[in-house]
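Working notes for the structure below.
The values are calculated or read from the model by the stated rules, or taken from the named source; none is laboratory data. As the structure is a computational prediction, the values presented were derived from the model and not from experiment. Cβ sites come from the backbone with ideal geometry, for glycine too, and all protein chains shown count toward neighbours. Accessible surface is based on the protein model in full, side chains and every heavy atom, while ligands, DNA and RNA are left aside. Shrake-Rupley method; radii C 1.70, N 1.55, O 1.52, S 1.80 Å.
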Amino acid sequence: AVVPLWVDGYHHTVITELILRAGALPGGFRPFADVDGFYYHFGFHALAAQVAWLAGASAPRAVLWVGQALNAATAVTLWLLARRLTGSRWAAAAAAAVPAGLFHFPAYFLTWGRYTQLAALAALPAAVCLLWAAIAAAPRRATRAVPAAAVVSAGLVLLHYRVAVIYALCALVMACGALRGPGARGRVLRLS
């Protein structure tokens, strides 16, 4: 069978196939590898397995489809974050267009087969925006903003551990900024 590129692409396709076959998280990697126990961030694989199941597609095809969709979603979430940070539509358009049009990343993650990291990086800007909304929310609105931020934060852990650590560092900086003082100026940590 034809599978996505590089070792990671094959690995992610196998995990997607295992989830698809089991209809749940697998207990191990059998029959593909003699490994009992499943300890891996599985958010991307669960999404790819769901797409495969809904579309009646093979696991390799679903991995490629979801990877391409996430590549496109990265530009959208970068737009969202830049719009939230700057308030400018032009800055947001540039933030989305520059990486999508001028650089190898995020598209190169697909060539490497780094689907899980791409998925987490596509979700990271949205997670930061939701956390920012939760920190800035009035107490009545926080009852909606805080759970949404918590769900997306947990989702980052299921997508990729390294990106979840980057998010935790962002959260720490944002929390320090929020503790600095009242009002919008106190919510952003100034390093000067």
Exercise for the section: For helix 89-102, report the angle its Cα long axis makes with the longest principal axis of the Cα atoms of the chain; keep it between 0 and 90° and round to the nearest 10°. Expected result: 30
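For segment 1-65, rounded, prolate or oblate, judged on the Cα gyration tensor with a ≥ b ≥ c (square roots of eigenvalues), a/c < 1.5 rounded, else prolate if a/b > b/c?
Oblate shape, in that a/c is at least 1.5 and b/c is the bigger or equal ratio.
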Exercise for the section: Over the Cα atoms of segment 31-101, compute the convex hull volume and normalise it per residue, giving Å³. Expected result: 130
Fill in the blank from the handout: Using a 1.4 Å probe on heavy atoms of the protein chains only, the accessible area for Val151 in Å², nearest 10, reads 110
Exercise for the section: Let me know the shape class of segment 65-169, please: from the alpha-carbon gyration tensor, a ≥ b ≥ c as square roots of the eigenvalues, rounded when a/c is under 1.5, otherwise prolate if a/b is greater than b/c, or oblate. Expected result: oblate
Handout entry: Residue list for segment 13-28, given a label point 7 angstrom along the Cα-to-Cβ vector of Ala69 and an amide N cut-off under 15 Å
Key = none
Exercise for the section: Give the accessible area for Phe32 in Å² (nearest 10); use a 1.4 Å probe, count only protein heavy atoms, and leave out ligands, DNA and RNA. Expected result: 90
Practice task
Please give the helix 59-86 orientation as an angle from the longest Cα principal axis of the chain, in degrees from 0 to 90, rounded to the nearest 10.
Solution key: 0
Completion exercise
If amide H atoms are modeled at 1.01 Å from N in the peptide plane, then the residues at a separation of 5 or more from Gly28, or on another chain, having amide H under 5 Å from its own are Gly37
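May I ask for the percentage of alpha-carbon pairs in the chain that lie more than 28 Å from each other?
Of all Cα-Cα pairs in the chain, 34 percent lie more than 28 Å apart.
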Fill in the blank from the handout: Per the helix-only model, the chain has a calculated mean residue ellipticity at 222 nm (DSSP H runs of ≥4, -39500 (n - 2.57) each, divided over all residues, rounded to the nearest 500) of -25000 deg cm²/dmol
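Before anything else, pin down the relative contact order of the chain: Cα pairs under 8 Å, at least 6 apart, normalised by residue count, whole percent.
Answer for the chain is 19 percent.
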Problem - Hz values of 3J(HN,Hα) by residue in segment 39-50 - Karplus curve (6.51, -1.76, 1.60), Gly and Pro given as x - result: 10, 7, 5, 10, x, 4, 5, 5, 5, 5, 5, 5
Practice task
Would you mind calculating the relative contact order of segment 1-91 from Cα pairs under 8 angstrom and at least 6 residues apart, reporting the percent as a whole number?
Solution key: 24
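What fraction, in whole percent, of alpha-carbon pairs in segment 113-167 exceed 14 Å separation?
Working: 731 of 1485 pairs.
The answer is 49 percent, as a whole percent.
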Problem - About the Cα centre, charge dipole magnitude for the chain (Lys/Arg +1, Asp/Glu -1 at Cβ), debye - result: 1060
Practice task
For segment 27-146, report the accessible area per residue in Å² (1.4 Å probe, heavy atoms, rounded to an integer).
Solution key: 56
